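> Attaching a single structure in structure tokens format; questions to follow.
The values are calculated or read from the model by the stated rules, or taken from the named source; none is laboratory data. Just so it is clear, the model here is predicted, and its values are computed rather than measured. Cβ placement follows ideal geometry from the backbone for every residue including glycine, while neighbour counts extend to all protein chains displayed. The accessibility values were calculated without ligands, DNA or RNA, using every heavy atom of the protein model including side chains. Shrake-Rupley method; radii C 1.70, N 1.55, O 1.52, S 1.80 Å.
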Amino acid sequence: MLTKDINIRDPFVLNWKDTYYLYGTRGATCWGEADGFDVYVGKDLENWEGPIVCFQKPQGFWSDRNYWAPEVHAVNGAFYMLASFKAEGVCRGTAILKADRPEGPFHVHSDGPVTPREWESLDGTLYFSKAGKPYMVFSHEWVQAGDGEICAMELTPDLRKAAGTPFVLFHASDAPWARWMTHSSGVRGCVTDGPFMYRTSADKLCCLWASFSENGYTEGVAISDNGEIDGHFHQVQPLFDKDGGHGMVFKDTAGHIFLTLHSPNTHLLEHPCFIPLMEKNGLLCSKDEAETDWLQSLQNRLESMKERLQSDCRPWTGADRVITPEDMGYDGTGKATVYLQKAMDALGSAEGGTLLLRHGDYVSGTLCFRSNVCLCIEAGARLLGSTDLCDYPEMHAKRLTVQDTSMGMHQSLIFAEDCENICITGGGEICGQGTPDHFPGEETAQGTPGRPFLMRIIDCRHITVQKITLRNAACWMQNYLNCEHLLFDHMQVFNQANYNNDGLDLDGCRNVIVRSCRIYSGDDGICMKGAGQTLLENVLIEDCDVYSACNALKIGTDTQGDFRSILIENCRIGGIEADPSGLKHPWADSGVSLEMMDGGEVEGILIRNVSIRRTWSPFFMRLENRGRVKPGDPTPDAGTMHHIFFSHIRAEECGPRGSYFLGSPERAIEDVYMHDIEVYQRTSEKTVHPESDYPRMKDTYPDAHMIDEIGDAPAYGLWVRHIHRLTLAGYSVKPEGFEHRPEYVATTDAEMLIL
């Protein structure tokens, strides 16, 4: 039987030995004569066996009607059921039953109702104090009390009778949302129903209870000020106000928190609902509320960051002093390295200034930048990298990083370390002449000896790169490591001449604007890394075109540092239209790729108003524990990835592989929200494999092509594994023809909400 087909009120779930036992008030007999209770048994929260009779009224039992709200608690190897009963001329009250198994049969344990015999009482629940004392918490009914009461009284250790007098925890009218009503008998009052006690991980004692608000039956929450049953209870925001209530809280077999209640509150239409909850600031809230909260908080935070960056990251274009290579003796023939470096040194030793290249080509080996220097290459002039590897001495950074030990990248045309106020501008071009004819080597995820970068900028501050064209490095185009206050504005990058041709690599940098740039790369377009083991934070990428034969926008794979507060908006990304080098395919592996492999945290990413074209996988996320570190460093635990928000994205001409998000068994990806996403993609022609055919792939390089040897993703819309709190709000994938794969595939530990 499915959950939606079960007609009960007042649902209660006992999770016992990885099996769920669902109890409740029989819908058909709740308002009249009754003779028992049922239990439904299941391994998930959707499919159930039952109903199985767990209590049958014995001969001579004192009650014959209104059998309400059974709940079952495991105590010292036995199972105790608390339930409400009534008979003609006898006040409604809560009695206690007992069984050896959760499915019963339950037998009478208390001598009649445990609640006061002269009180109209109902919905007793069991609570144990921190000291281990048992209490029954129950409702003193509004038809007698007027302003309904939630009360408590101590029980005897055997749970058979009261051991103290009742005391009031709160009244219904204490909740500002509770509505006063008139009973058919003429009594004017305010309802209290269904108390249930729950202690959060922050040691807050919550009393869930139900009443009526302007929206109908409502599930409220009150909090004890001292964390115990004798504290003062204050009312907080209701958990549910959409005509449903009498709820309780339980944890599923994976440890996730759920609220169950019945809805709608209409006779014979009631059924149990299971609502995911979270803890926020030590209290319970619905997952939707928590998601909305972090989404709004993230957007507010990043809008403030954007304003701050626009104020702080202003272009620095050099001091008044101007020197040309010709001023240093260059006659226009041969390599200009010596003359360029002399000019750079002269400016750096003075008050700074501009090294100006007015026209023509200047061939150079490695140039070491100095502080307060602007390299201005005017339109019609080019700085060309030498094609002789001997002109690129190895420049080892003072501070050892994972990049140095794992990748061995020490050669570049431009090198800067511990500088401030440096600028590259002018409207001209820097070309590395990095074709395989000049600098051969294989594509690799390890070191690239013999293939210099165009630029390596390390531990520098206040960097401006604007109105410049960067072309054809032998390896990565530009790498900025542990730098602060960077502005890239109207920069053009064409890096498709060789392997490992990244466009822009930001490693552990802070306060960065990348604005109105065009990047065409054979490898990753814009890539953020953590090899320097420092925080990458406050990055704004806006109004850019980023086209790649690998990943257009990427975090990883080196993630030894943390990544926080990244806003990417109003960009066009995807695959290049043609590969001029002939070394790679023109399409991108992915549009957006987040690859956490070496510890670290990714938190606070917003990607909005983006168009994607020509990608095999529009979105790819991977959280795994590769643990690449410097020799001698301890291997980190798996990293974390959470608070990722995609909004207003259109993807066209996409390949059939599909998007997929893979966490790891040790650490799930968390809190991902995808809003207003529309993807148009080709249909798969490969064999459809079940999800179980895809191994963990722990040691596989984690780009989106990692599954290509197996096939396309097992779902055309989205495949998810080890992910918590993924919400798809207006997420649409439209195949160009018939798709034989399902739209979504999620493993059992994945939490995916489709709105």
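> In the set Tyr701, Tyr680, Tyr716, which member is open to solvent by 10 Å² or more (accessible area, probe 1.4 Å), in a strand (DSSP E or B) and either in contact with a Pro (Cβ under 8 Å, 6 or more places away or on another chain) or of a type in the set (Ser, Thr, Tyr) (or both)? Talk me through it step by step, then tell me what you get.
Working: Tyr701 fails: in a strand (DSSP E or B); Tyr716 fails: in a strand (DSSP E or B).
Checking each option against the conditions leaves just Tyr680.
> Of the numbered conditions (1) at pLDDT 95 or above; (2) touching a Lys or Arg at 6+ places or on another chain (Cβ under 8 Å); (3) part of a strand (DSSP E or B), Gly247 satisfies every one except a single condition; which is it?
So Gly247 meets the others, but not (2).
> Continuing with the same structure: Tally up the residues in segment 172-200 that are outside any loop (DSSP other than H, G, I, E, B), open to solvent by 60 Å² or more (accessible area, probe 1.4 Å) and either of a type outside the set (Asp, Glu) or touching an Asp or Glu at 6+ places or on another chain (Cβ under 6 Å) (or both), please. Full working, then the answer.
We begin by selecting, within segment 172-200, every residue outside any loop (DSSP other than H, G, I, E, B); these are 172-174, 181-182, 188-190, 193-199.
Going one step further and asking which of them are open to solvent by 60 Å² or more (accessible area, probe 1.4 Å), we end up with 174, 182, 188, 199.
Narrowing the set further to residues that are either of a type outside the set (Asp, Glu) or touching an Asp or Glu at 6+ places or on another chain (Cβ under 6 Å) (or both) leaves 182, 188, 199.
Going through segment 172-200 one residue at a time, the tally reaches 3.
> What are the residues in segment 71-93 that are in a strand (DSSP E or B) and under 44 Å from the mean Cα position of the chain (by Cα), if any? Don't jump to the end; show me each part of the working.
Going through segment 71-93, the residues in a strand (DSSP E or B) turn out to be 71-75, 78-87, 90-93.
Glu71, Val72, His73, Ala74, Val75, Ala78, Phe79, Tyr80, Met81, Leu82, Ala83, Ser84, listed by residue number.
> Additional query: Quick one: in segment 590-600, of everything that is modelled with pLDDT of 95 or more and not hydrophobic (A, V, I, L, M, F, W, C), which residue is surrounded by the most Cβ atoms within 10 Å (Cβ to Cβ)?
For segment 590-600, the residue satisfying everything is Gly591.
> Any residue in segment 94-108 that is outside any loop (DSSP other than H, G, I, E, B) and surrounded by fewer than 15 Cβ atoms within 10 Å (Cβ to Cβ) sitting within a Cβ distance under 8 Å of a residue that is of a type in the set (Gly, Ala, Ser) and at pLDDT 95 or above? List the pairs, counting only those 6 or more apart or interchain.
Filtered contacts from segment 94-108: His107/Ala99.
> State whether one or more residues within segment 423-441 are touching a Phe, Trp or Tyr at 6+ places or on another chain (Cβ under 7 Å) and either aliphatic (A, V, I, L, M) or touching a residue at least 60 places away in the same chain (Cβ under 8 Å) (or both).
So in segment 423-441, the residues touching a Phe, Trp or Tyr at 6+ places or on another chain (Cβ under 7 Å) come out as 423, 441.
After this cut, where a residue has to be either aliphatic (A, V, I, L, M) or touching a residue at least 60 places away in the same chain (Cβ under 8 Å) (or both) as well, the list is 423.
Yes: one or more hits.
> Another question about this same structure. Give me a count of the residues in segment 651-670 that are open to solvent by 10 Å² or more (accessible area, probe 1.4 Å) and not basic (Lys, Arg).
Qualifying residue count for the region: 7.
> Filter segment 201-219 for residues that are assigned to a strand (DSSP E or B) and farther than 22 Å from Lys280 by Cβ and give the result. Don't jump to the end; show me each part of the working.
As a first pass, look at segment 201-219 and keep what is assigned to a strand (DSSP E or B): 205-213, 216-219.
Those that are assigned to a strand (DSSP E or B) and farther than 22 Å from Lys280 by Cβ: Ser211, Phe212, Gly216, Tyr217.
> For segment 518-537, what are the residues that are surrounded by fewer than 24 Cβ atoms within 10 Å (Cβ to Cβ) and within 20 Å of Gly432 (Cβ to Cβ)?
Listed by number, the residues that qualify are Arg518, Tyr520.
> Further, regarding this structure: Asp5 fails exactly one of the following numbered conditions: (1) touching a Gly at 6+ places or on another chain (Cβ under 9 Å); (2) within 18 Å of Leu269 (Cβ to Cβ). What is the number of that condition?
Against the list (1) touching a Gly at 6+ places or on another chain (Cβ under 9 Å); (2) within 18 Å of Leu269 (Cβ to Cβ), Asp5 comes up short only on (1).
> State the number of residues belonging to segment 417-435 that are over 21 Å from His462 (Cβ atoms) and buried (at least 16 other Cβ atoms within 10 Å of the Cβ).
Selection size over segment 417-435: 6.
> Condition first: open to solvent by less than 10 Å² (accessible area, probe 1.4 Å), at pLDDT 95 or above and out of contact with any Asp or Glu (no Cβ under 8 Å at 6 or more places or on another chain). Can you find one or more residues in segment 464-472 that meet it?
At the first step, the residues of segment 464-472 found to be open to solvent by less than 10 Å² (accessible area, probe 1.4 Å) are 464-465, 468, 470.
Now narrow it down to the ones that are at pLDDT 95 or above: 464-465, 468, 470.
Filter again for out of contact with any Asp or Glu (no Cβ under 8 Å at 6 or more places or on another chain), leaving none.
No, segment 464-472 contains no residue that is open to solvent by less than 10 Å² (accessible area, probe 1.4 Å), at pLDDT 95 or above and out of contact with any Asp or Glu (no Cβ under 8 Å at 6 or more places or on another chain).
> Can you pull out every residue in segment 563-588 that is open to solvent by 10 Å² or more (accessible area, probe 1.4 Å), at pLDDT 95 or above and not polar (S, T, N, Q)?
Residues satisfying the conditions are Arg564, Arg572.
> Let me ask you something else. Scan Thr333, Thr444, Thr448, Thr354 and give me the residue that is part of a loop (DSSP other than H, G, I, E, B) and more than 26 Å from Cys550 (Cβ to Cβ). Before the answer, list the steps.
Details: Thr444 fails: more than 26 Å from Cys550 (Cβ to Cβ); Thr448 fails: more than 26 Å from Cys550 (Cβ to Cβ); Thr354 fails: part of a loop (DSSP other than H, G, I, E, B).
The unique qualifying residue is Thr333.
> May I pose another question? Suppose we filter Leu540, Leu504 for residues that are surrounded by fewer than 24 Cβ atoms within 10 Å (Cβ to Cβ), of a type outside the set (Phe, Trp, Tyr) and in contact (Cβ under 8 Å) with a residue 12 or more places away in the chain; which single one remains?
On the way: Leu504 fails: surrounded by fewer than 24 Cβ atoms within 10 Å (Cβ to Cβ).
Sole residue among the options that is surrounded by fewer than 24 Cβ atoms within 10 Å (Cβ to Cβ), of a type outside the set (Phe, Trp, Tyr) and in contact (Cβ under 8 Å) with a residue 12 or more places away in the chain: Leu540.
> Right, something else. Any residue in segment 67-74 that is open to solvent by 10 Å² or more (accessible area, probe 1.4 Å) and on the phi > 0 side of the Ramachandran plot?
Restricting attention to segment 67-74, the residues satisfying the condition of being open to solvent by 10 Å² or more (accessible area, probe 1.4 Å) are 68, 71, 73-74.
So of that shortlist, the ones also on the phi > 0 side of the Ramachandran plot come out as none.
No, segment 67-74 contains no residue that is open to solvent by 10 Å² or more (accessible area, probe 1.4 Å) and on the phi > 0 side of the Ramachandran plot.
> Also: Give me the residue from segment 724-751 that is of a type in the set (Asp, Glu) and out of contact with any strand residue (DSSP E or B) (no Cβ under 6 Å at 6 or more places or on another chain) and, out of that set, most open to solvent (accessible area, probe 1.4 Å).
Going residue by residue through segment 724-751, those that are of a type in the set (Asp, Glu) are 736, 739, 743, 749, 751.
Narrowing further to those that are out of contact with any strand residue (DSSP E or B) (no Cβ under 6 Å at 6 or more places or on another chain): 736, 739, 743, 749.
Values: Glu736: 131, Glu739: 20, Glu743: 71, Asp749: 48 Å².
Restricting to residues being of a type in the set (Asp, Glu) and out of contact with any strand residue (DSSP E or B) (no Cβ under 6 Å at 6 or more places or on another chain), the top hit is Glu736.
> Same structure again: So, in segment 316-357, of the ones that are touching a helix residue (DSSP H, G or I) at 6+ places or on another chain (Cβ under 8 Å), among the small types (Gly, Ala, Ser) and open to solvent by less than 20 Å² (accessible area, probe 1.4 Å), which residue ends up nearest to Gly385 (Cα to Cα)?
My answer is Ala336.
> For segment 55-70, state whether one or more residues are within 30 Å of Ser224 (Cβ to Cβ), assigned to a loop (DSSP other than H, G, I, E, B), touching a Cys at 6+ places or on another chain (Cβ under 9 Å) and modelled with pLDDT of 95 or more.
no
> Please tell me if Gln496 is buried (at least 24 other Cβ atoms within 10 Å of the Cβ) and within 20 Å of Leu355 (Cβ to Cβ). Quick ask: steps written out before the conclusion?
Details: buried (at least 24 other Cβ atoms within 10 Å of the Cβ): yes; within 20 Å of Leu355 (Cβ to Cβ): no.
Answer is no for this residue.
> Further question: Go through Arg199, Arg188 for me and flag whichever is touching a strand residue (DSSP E or B) at 6+ places or on another chain (Cβ under 6 Å) and either within 23 Å of Asn265 (Cα to Cα) or touching a residue at least 60 places away in the same chain (Cβ under 8 Å) (or both).
Exactly one of Arg199, Arg188 is touching a strand residue (DSSP E or B) at 6+ places or on another chain (Cβ under 6 Å) and either within 23 Å of Asn265 (Cα to Cα) or touching a residue at least 60 places away in the same chain (Cβ under 8 Å) (or both), namely Arg188.
> Given the structure, is Ala152 within 22 Å of Tyr135 (Cα to Cα), in contact (Cβ under 8 Å) with a residue 60 or more places away in the chain and surrounded by 16 or more Cβ atoms within 10 Å (Cβ to Cβ)? Steps first, please.
Details: within 22 Å of Tyr135 (Cα to Cα): yes; in contact (Cβ under 8 Å) with a residue 60 or more places away in the chain: yes; surrounded by 16 or more Cβ atoms within 10 Å (Cβ to Cβ): yes.
Yes.
> Yes or no: segment 586-599 includes at least one residue that is in contact with a helix residue (DSSP H, G or I) (Cβ under 8 Å, 6 or more places away or on another chain) and part of a loop (DSSP other than H, G, I, E, B).
Taking segment 586-599 and keeping what is in contact with a helix residue (DSSP H, G or I) (Cβ under 8 Å, 6 or more places away or on another chain), we get 589-590, 593, 598.
Now restrict to residues that are part of a loop (DSSP other than H, G, I, E, B): 598.
The answer is yes; a qualifying residue exists.
> Moving on. Return yes or no: is Leu298 in a helix (DSSP H, G or I) and in contact with a Pro (Cβ under 8 Å, 6 or more places away or on another chain)?
Values: in a helix (DSSP H, G or I): yes; in contact with a Pro (Cβ under 8 Å, 6 or more places away or on another chain): no.
Here the answer is no, as Leu298 does not meet what is asked.
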